[in-house]
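All remarks here apply to the structure that follows.
What follows is calculated from the coordinates using simple rules that are stated; it is not laboratory data. What you see is a predicted model; the values in this text were computed from it and never measured.
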Amino acid sequence: LVGWAAVTGSIDLTAIYLFLIIFYWTPPHFWALALFTSGDYERAVARHQESLAIWRELGDVRGIARSLNYVGFAAWLRGDFEQTTACCEVARGLFREQGDKEGLVWSLLSLAAVAHYTRDAARSLALCEESMALSQEIGYKEGVAWALDIAGNTERAAGRSARALAML
């Protein structure tokens, strides 16, 4: 609010609305991330689901998609690849709908990692290629690096070490 007031010289409903979004979203989101680092995945999932409920209440599609990616990540850490896939597929569709290419990259990478761990090399590599192409299109080097990492691990796991080394 202070920044808004400094720039506009006033505080209106838009400023208050933005403040409330951040106020309600920040605690459950960051609390969940802190729980991940302590290994308390069930509590982390509960906090991400709280965050997801708030985004749904606000009707913020981008926030919903990001929270779904986090819930999917928590499921992935528990080895629940089915839930990870379900959450990330929905998030992928929402990110496409919103035109959020960076969010889409992360959904694709999550799905590629699940395919890798479930030994579906063809799907993992296809998702990595899509993610890499999109990352290059938007100049997102981190997305390119992660796509190469997952693709290299997938090639190595499939017994194609020479192809994995070529990606380095």
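Summary table below
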| item | result |
| --- | --- |
| Calculated from backbone phi, Karplus (6.51, -1.76, 1.60) coupling profile of segment 85-102 in Hz, x at Gly/Pro | 4, 4, 5, 6, 5, 5, 4, 4, x, 5, 5, 4, 4, 8, x, 8, 6, 5 |
| Percent of alpha-carbon pairs separated by more than 22 Å within segment 46-123 | 20 |
| Cα-derived Rg to Rh of segment 104-167, Kirkwood definition | 0.96 |
